[in-house]
Amino acid sequence: MNESTTRQAHRRWRVAALQMVSTPRVADNLHSAARLIDEAVARGAQLLALPEYFAIMGMTDADKVSQREDEGGGPIQDFLAAAAARHGIWLIGGSLPLRTDDPGKVFNSCLVYRPDGQRVARYDKIHLFGFRQGNENYDESATIKPGDRAVAVDTTFGRVGLSICYDLRFPELYRALGVTDLLVIPAAFTETTGRAHWEILLRARAIENQCYVLAVAQGGRHENGRETHGNSMLVDPWGTILARQEKGPGVVVGEVDDARLAEIRASLPALRHRVM
């Protein structure tokens, strides 16, 4: 069966965002992720995504450095590969810490696994969050080394573009991906910035790129005191929110429809009208 035939057979495909409230304990987080994966699969999801920092939301930023893995092996990567193969799904591991050449820093990496459990893509977060307002102070550059390459992956269903959290604020990254059918955006937006900007930025990225956006978030109060905004959602190419989970752990399931993509791109051919 060729690629075009396969895509036609999956004209409507079900995707799922698995919202979490991760803890400092990797084993507990993987157990929680497994339950959410089981639920999403039971609801018919074929492509699933986990949030940024799904495997560890440490008490300090340095905690993720202590849990870093070498590329290709480790408890977190083994979990993702096994879950994809067990359920026969495409699984996007929102982000996990991978080793760099700096012992004090990690790559914040999003990994994609196909239904046989093989990893087919890796994206290292390029834009590192920095924010200072009152008692809130974040500086990801202190413990994270930025990536340097935009990444999209061709799946059985369509072309999927990858990004992580703060990347959402930089539309030029999504243009660099080319034409995509789905953007997957794992995140851990703070409540402060998320309440102000999360939804509007997601809808803008969907509209300007004329594609679906699957936003998968951390959503609640964490043991380290951080409050994340949640509001995982699926947005269609017209900017319409199709499904949403506001707070707490849960599963957002919705459909990506090739016919809807084609309809919007034909009626408003903005992608073809670009001059820069």
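The values are calculated or read from the model by the stated rules, or taken from the named source; none is laboratory data. A quick note: this is a predicted structure, and the numbers were derived from the prediction, not measured. Cβ coordinates were reconstructed from backbone atoms using ideal geometry, including for glycine residues, and neighbour counts include every protein chain displayed.
Does Arg14 count as charged (D, E, K, R), surrounded by fewer than 21 Cβ atoms within 10 Å (Cβ to Cβ) and within 18 Å of the chain's Cα centre (by Cα)? For Arg14, the condition - charged (D, E, K, R), surrounded by fewer than 21 Cβ atoms within 10 Å (Cβ to Cβ) and within 18 Å of the chain's Cα centre (by Cα) - is met.
Among the residues of region 141-159, is any surrounded by 15 or more Cβ atoms within 10 Å (Cβ to Cβ), farther than 20 Å from Arg68 by Cβ and free of Cβ contacts under 8 Å to residues at least 24 places away in the same chain? Among the residues of region 141-159, at least one is surrounded by 15 or more Cβ atoms within 10 Å (Cβ to Cβ), farther than 20 Å from Arg68 by Cβ and free of Cβ contacts under 8 Å to residues at least 24 places away in the same chain, which makes the answer yes. Within region 12-63, being at pLDDT below 95 and among the basic types (Lys, Arg) holds for one residue alone: Arg12. Select from region 156-165 the residues that are assigned to a loop (DSSP other than H, G, I, E, B) and under 16 Å from Ala17 (Cβ atoms) and write down the one among them that is modelled with the lowest pLDDT. Looking at residues that are assigned to a loop (DSSP other than H, G, I, E, B) and under 16 Å from Ala17 (Cβ atoms), I get Phe157. Would you confirm, using the coordinates I've provided, whether Ala45 is within 30 Å of Arg12 (Cβ to Cβ), touching a residue at least 40 places away in the same chain (Cβ under 8 Å) and not in a loop (DSSP other than H, G, I, E, B)? No: the conditions fail for Ala45. One residue stands out in region 178-230 among those that are more than 30 Å from Arg272 (Cα to Cα) and of a type in the set (D, E, K, R): the one that is farthest from the chain's Cα centre (by Cα), namely Glu223. The requirement of being of a type in the set (A, V, I, L, M), on the phi < 0 side of the Ramachandran plot and at pLDDT 95 or above is not satisfied by Ala142.
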